[in-house]
Amino acid sequence: MSSDLFALFFSDKGSSKWIKVHERRTLHDVLKEPNYIIPGIPVFYVVSRNSKFYKDFKAGRWVPPS
């Protein structure tokens, strides 16, 4: 799958900021980031760059369900 088609994000500790994850990083490297929030299980959002949702997501017009 081409990385031009998707983007991967996780949530920043203590804020609603989304951190983009480089596609070539290992899951281990991402999970040991000090700002990564682990809400019980790791949660990543894989978003299609070709979707309207991606534009809304990047603009901050979407929040995860609580």
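Tabulated data
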| read-out | value |
| --- | --- |
| Residue among Lys52, Lys58 that is at pLDDT 80 or above and surrounded by 10 or more Cβ atoms within 10 Å (Cβ to Cβ) | Lys58 |
| Contacts under 7 angstrom Cβ, first residue in segment 41-66 being closer than 23 Å to Thr26 by Cα, partner assigned to a helix (DSSP H, G or I) and of a type in the set (Ser, Thr, Tyr), 6 or more apart | Val47/Tyr54; Ser48/Tyr54 |
| Residue selected from segment 1-43 under the condition hydroxyl-bearing (Ser, Thr, Tyr) and farther than 17 Å from Phe57 by Cβ, by the criterion modelled with the highest pLDDT | Thr26 |
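The values are calculated or read from the model by the stated rules, or taken from the named source; none is laboratory data. Keep in mind the model is a prediction, meaning the values are calculated, not measured. With ideal geometry, Cβ positions are generated from the backbone for all residues, glycine too; neighbour counts draw on all protein chains shown.
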